[in-house]
Amino acid sequence: MSTESTRLATPSETSGEPNSAAARRQFLYGLGASIGSIALSSLLVDEAGGMTGGTSGAADEDKTQLPQPHFAAKAKRCIFLMMEGGPSHIDTFDPKPKLDEYHLREFVRSGEEKSAMESGKRYYVRSPFRFIKAGQSGADMAENWQRLAGVADELCFYRGCQVDSVNHPSAMYQMNTGNRLGGDPAIGSWVTYGLGSPNQNLPGFIVLPEASHPQGGPSNWGNGYLPAQHQGTPLRPHGSPILDLEPPAGVTRDRQRANLDLLAKLNSAHALRHPEDAEVAARIENYELAFRMQTQVPELLDLNQETAATRDEYGIGREPTDRFGRKCLLARRLIEQGVRFVQLYHGTWDSHDYIARAHAQLVGAVDRPIAALIGDLKRRGLLDETLVVWCGEFGRTPDNGVRGGTAYGRDHNIRAMTIWMAGGGVNAGRTIGATDELGMEAVEVVHPIRDFHVTLLRLLGLDDNRLTYYHAGRFKQLSQFGGRVIPGLMSANPAG
């Protein structure tokens, strides 16, 4: 399969033709989020030229059938840790001692400063957290990142990124899709479109959301104008992760198998009489994949198969780490089975008030699970080929309103934030870029979000300018109109 054929779509593959097979498939996919629709979207990849080949559960890649990357790269898969709400870089990984001097001075953009604490005015707010130098690299971390400090030398911090929207939904869309307006394919969709997925029995892009969807909703993991099989598959945080995963009560596996054999026989006969109806063949395969998923998915999602020591390492069975610990451990199990892109959500980082209490609780919920994930991946020999990303949708300001003299928090900041990465090909143990002395604006190695997206794709062996899809009369890409790799984020020898 040529590079062009796997990266570019012809106009007939887009939704521009209302009677096309693609339009009919989009309709079928939209019927629901049960195991049937999920299975159908995965199987349709064979028609669209994406997820080809595969295994019955192993993560070994058949490079003769899967689309090949544009560049040799260490990273073959990605775990994306999305901290929804905008974590404060000033209170996590970018210390600003100058704020101690400015604390509770009135913030005036003209440069005039006062020390009054009048209602309705804005004031500089120092961080309530002490910072440490972690690891041999001396990475800056707030002291409450106790576990993450132990893997500090695996991390590459980037302080130069800037985004374009101060509003949560549009900022989430931009971070996840490159487009502030939403409706475009998510990063995970582009990755599975470019690289395929080595396991046909599982979706290539899986999302582990909170109980409520993030601001902007499911469009944060939508396929946009890419074929439907590239849409992220969310696993429900409560109850059965996938609806209809278990067969109806009283229906045995043997009975299901017999029913499917009879149904396939009837559908095949119908297909012979109506060869123009491509949906019949897709329906047959849909039932077959759903049957296989019912066998394999429950076992994959059963975290009790892990040792008690492993579950404890991730913080499972204790508060406040149980919920996110389960997501992190499941993410490791998913990528082991060939899932190409897993995105984990952790919400409520929007700390306008009481940042000492709010961020302390949030860090306490994710610190142990994230450190366990990185350590576990490294011990299993998976970290070198797995790109781990941690970020929010923007950073926070060094100032905020103060009510009653104690409600110290921070507002949204599009001009400064911290992102860190670990694993596949990143420049571990380094901090790239810098913000000004108060943390208001990035001043070194400053790049827009599209350049970060281009760098992320490059770490996975993909060229943003070649990873395009023909839609609405032009070839489109994740960066919207091109970008460049951010210097310093990739190791000197990113290729495996």
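Each reported figure results from applying straightforward, stated rules to the coordinates on display, with no laboratory input. Since the structure is predicted, the reported quantities are computational estimates derived from the model, not experimental observations. Because the Cβ atoms are built from the backbone with ideal geometry, glycine has one as well, and the counts that use them run over all protein chains shown.
Annotation for the range 410-466: trypsin sites (Lys or Arg not before Pro) lying in DSSP loop with at most 16 further Cβ atoms inside 10 Å of their Cβ are R466. So which of K133/K378; K96/K476; K76/K476; K133/K476; K74/K476; K76/K265 end up more than 31 Å apart by C-alpha? Violating the 31 Å Cα-Cα cut-off are K96/K476; K133/K476; K76/K265. The modelled label-to-label distance between R318 and R130, using points 7 Å beyond Cα along the C-beta direction, is 2.2 nm. Ranked by the mean number of other Cβ atoms within 10 Å of their residues, highest first, the peptides 385-393, 133-141, 188-196, 260-268 fall in the order 188-196, 385-393, 133-141, 260-268. Take the alpha carbon atoms of the range 296-335, find their center, do the same for the range 157-194, and report the distance between the two centers in whole angstrom. The range 296-335 and the range 157-194 have Cα centres spaced 28 Å from each other.
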